[in-house]
1. So, with a 1.4 angstrom probe, what is the percent of accessible area on chain A that is carbon and sulfur?
2. Please give the average number of partner chain Cβ atoms lying within 10 Å of the Cβ of each residue in A:37-44, rounded to a whole number.
3. How would you classify region B:8-112 from its alpha-carbon gyration tensor, with a ≥ b ≥ c the square roots of the eigenvalues: rounded for a/c under 1.5, else prolate if a/b is greater than b/c, otherwise oblate?
4. Once the Cα atoms of the protein assembly as shown are picked out, what are the Rg and Dmax in Å?
5. Using a cut-off of 28 Å between alpha-carbon atoms, which lysines can reach A:Lys20, once sequence neighbours fewer than 8 places away in the same chain are excluded?
6. Not counting ligands, DNA or RNA, and with a 1.4 Å probe, what is A:Tyr58's accessible surface area in Å² rounded to the nearest 10?
7. At 1.4 Å probe radius, can you tell me the per residue accessible area of region B:1-107 in Å²?
8. Using a 1.4 Å probe, what is the accessible area per residue for chain A, in Å²?
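The values are calculated or read from the model by the stated rules, or taken from the named source; none is laboratory data. From a predicted model like this one, the values you see are computed outputs, not experimental measurements. All Cβ positions, glycine included, derive from the backbone under ideal geometry; neighbour counts span all protein chains shown. For accessibility, only protein heavy atoms count, side chains too; no ligands or nucleic acids. Shrake-Rupley method; radii C 1.70, N 1.55, O 1.52, S 1.80 Å.
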Amino acid sequence: GAVVSQHPSRVICKSGTSVKIECRSLDFQATTMFWYRQFPKQSLMLMATSNEGSKATYEQGVEKDKFLINHASLTLSTLTVTSAHPEDSSFYICSARTPGLGIEQYFGPGTRLTVT
Amino acid sequence: GQQVMQIPQYQHVQEGEDFTTYCNSSTTLSNIQWYKQRPGGHPVFLIQLVKSGEVKKQKRLTFQFGEAKKNSSLHITATQTTDVGTYFCAGPFTGGGNKLTFGTGTQLKVEL
């Protein structure tokens with residue numbers, strides 16, 4: 001149980017285009033989903049927290065107009081990287097949690113974004 | 001801001017040797033969580049410690065939470081190749097909520 005999926009797993013896009021990443025909780029309803037960014041051999045940096053039906057909360061330094069987050073249902077959150085640039089290339093990972101499953105976060109497999 | 005540091009950054013061991021990673025927070029933590037990320041994979045929850053001085057074991061893994069609740073350690077006895085990966089500690093954001101601040105991580109490589 002407690003499986004989180006992400007789609008796509010890898011995406012290559014051209015500079016200036018937008019990319020949407022989906023995060024789904026497959027067998028539970030996630031009250032909260034988190035979006036992280038991870039550079040090679042580095043730690044996970046929290047970008048934003050999204051709660052179903054409300055606006056996402058962004059961490060300091062994260063541009064909310066560039067990284068659009070939508071949490072439309074209890075099983076789906078999306079991250080859209082708008083007008084992507086090469087410096088946005090990174091590994092984006094979502095996680096989900098719900099009180100009924102304890103305190104831990106369940107992570108998706110991640111999305112490798114490469115902007116050319 | 002809140003910082004969670006881990007040492008060492010990298011560790012290479014021979015299979016069968018022990019391994020320890022240390023986690024230090026700049027602030028007192030209500031709890032500490034540990035995650036493992038295999039190469040190319042995503043973090044997987046290992047354990048949570050809540051009480052001051054708490055020690056928990058999972059087979060060859062021993063987790064400890066410091067008395068001051070600002071540090072923690074993970075010790076692996078007799079490492080195996082399946083232990084390869086990066087180990088992260090994570091503590092709640094200062095001010096509460098469900099957000100986590102992840103430590104800098106320790107990458108473990110195990111050689112035969």
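1. Looking at chain A in its full context, I get 53 percent from C and S.
2. That works out to 5 on average.
3. Note, shape of region B:8-112 comes out prolate.
4. For the protein assembly as shown, the Cα radius of gyration and maximum Cα-Cα distance read 17.7, 51 Å.
5. Within the straight-line cut-off, A:Lys20 pairs with A:Lys41, A:Lys55, A:Lys64, A:Lys66, B:Lys36, B:Lys99.
6. 60
7. Heavy-atom SASA per residue in region B:1-107 reads 47 Å².
8. With the other protein chains kept in place, chain A gives 48 Å² per residue.
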